1. Quick test of your reading of the structure: Gly176 fulfils all but one of (1) in a loop (DSSP other than H, G, I, E, B); (2) at pLDDT below 90. Name the failing condition by number.
2. Any chance region 407-417 includes a residue that's among the acidic types (Asp, Glu) and either touching a helix residue (DSSP H, G or I) at 6+ places or on another chain (Cβ under 7 Å) or touching a residue at least 40 places away in the same chain (Cβ under 8 Å) (or both)?
3. Need pairs with beta-carbon distance below 8 Å; first residue within 20 Å of Val153 (Cβ to Cβ) and free of Cβ contacts under 8 Å to residues at least 12 places away in the same chain and within region 111-137, second surrounded by 14 or more Cβ atoms within 10 Å (Cβ to Cβ) and charged (D, E, K, R); sequence gap 6+ or separate chains.
4. I'm checking my understanding of the structure. Among residues of region 72-113 that are modelled with pLDDT under 90 and of a type in the set (S, T, N, Q), which one is farthest from Asn128 (Cα to Cα)?
5. Please give the strands (runs of 3 or more DSSP E) falling wholly within region 355-461 in which 1 or more residues are basic (Lys, Arg) and surrounded by 13 or more Cβ atoms within 10 Å (Cβ to Cβ).
6. In the list Phe226, Phe211, which residue meets the criterion of being among the hydrophobic types (A, V, I, L, M, F, W, C), in the same structural domain as Ala120 (by TED's automatic domain parsing), modelled with pLDDT of 85 or more and surrounded by 15 or more Cβ atoms within 10 Å (Cβ to Cβ)?
7. Given the conditions (1) modelled with pLDDT of 85 or more; (2) not in a strand (DSSP E or B), which single one is not true for Leu67?
8. Among the residues that make up region 291-310, is at least one of them assigned to a helix (DSSP H, G or I), modelled with pLDDT under 70, within 56 Å of the chain's Cα centre (by Cα) and β-branched (Val, Ile, Thr)?
Amino acid sequence: MKKLFTVCALCLVSMLAFAATETEVKESTTSESKVLHEFKDFSHWSIQVNGGFSQFDGDANQRYDQLLSSSQLLWTVGIDVEYSFNPAWGLIANFQYMPYHAHTSSTKYGKNYFRGNMYAPSLMLSMNLLNLFGQYRSNAGWNWYLNAGVGMVFYDVKSENEGVVGEESPKEIKDGKSIGIPLGTQVEYNINDYLAVGLSGYYRIHNKDNFEGEEYTKGTMNDGEFYVTASLRVKLAPNVKEGGHMRNLSMMDYRKKRTGESNLESRLDSLEKRVKVLEDTVANNILPRLDELEKQHATTPDEDGDGVPDFRDRQANTPKGAFVNYWGEGIPQEALEPECCDDVKKVFAALGVDPKVDYDMSVYFAFDKSNLDAKARKNIDKAIQKLNENPEMKVELRGYCDFPGSNNYNLKLSERRVNAVKEALVKAGIAEDRIAVQAQGALANPPKAELKNRRCDFFFY
């Protein structure tokens, strides 16, 4: 009875551990899947056939100095159908055939020679110890299982008794049935995705004591059976499901596929390769060219300061801040007239140039400044003279900035600039109702941070 109690306790502990592990896996995959949304479908079914040797462990003759029972070592065969819940746990439906042959002596009945056959269907819980306690194994080539369960044993037995003279003959048991509790361990190696080979050892406990063919025999209270087998397992549809077969996975692989971590790792690997290619391109191609351009820019002279380097400048004496073309040639004044052809107007519109504006009269400012220098006051004096000569004329002041700085900052800076010009006009006696101001902020797509983009223009009408 102690054996029976021990096995039942082991099964209970295993089931509790199974429930705890499943809860942990479900919680972890649920929390992680909220981010990755990656659930794989797996194959679960497998079939195993086994064959080996068995030996009856019951009321058989045995001397005190013998290591093994006197029962004969016979063959056994069986078949398993297993459903693997995950890489650590599975449920096995097993059928095992075990013949047995031994003899015993009884002070009551004399010698008894018996031969029988056991037919044992059972249901077992399978626990993969290497996956259960090796959560971070990189692969599941080798596996070690602990299997335990409960089932039935149907047996038939033939016995021959040599009774003691003067005593009664025993009551024979021809056919019987018993509760069987198999407990065993198995080592298995996955040859490939489809096949695995294994070696297992089992002990099967029975709750009856008449497998010898007698109603009762003195000695062991329960008859048992040892058997050792080699097995071949076929894993069904291992490559049909996206996640593969459960028996081919380690717990780490299983979690990665359940949570989508494997897909994320693949994407990260791909991204890492792309970044590496980009780094190589930047380091070996782009950066050397930029360095060359910087060196060229740093050493290229521009004596007239019109923004066109001397090696390309066809007019090397244009005033600083003047409007020039790509070749450093000054823009003719007649091109700025309203009567200019439409094509030229379009070109100047794209450059931010208004033909109605006399840019020689515009007020120019230093970088990030709104104060008026001497040259600015000379241009303001020209505007004052023009307004005094034409009392009916009004003027609109439009202020601009170059591109550095935020839009809000540039808008306020251009507002300070036009107000500075307006204040100078009012101090000179120009009525405020003749002056309109308009802060434009940064110029759209200016070629660079240059003086000509930091200005206030006069529009007379």
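The values are calculated or read from the model by the stated rules, or taken from the named source; none is laboratory data. Computed from a prediction, not measured in an experiment: that's the story for all the values here. Don't worry about glycine lacking a Cβ; one is built from the backbone with ideal geometry, like all the others, and counts go over all protein chains shown.
1. Exception for Gly176: condition (1).
2. no
3. Close Cβ pairs (under 8 Å, with a partner that is surrounded by 14 or more Cβ atoms within 10 Å (Cβ to Cβ) and charged (D, E, K, R)) do not exist here.
4. Among those residues, the one meeting the criterion is Thr107.
5. 395-401, 455-460
6. After ruling out the rest, the residue left standing is Phe226.
7. (1)
8. yes
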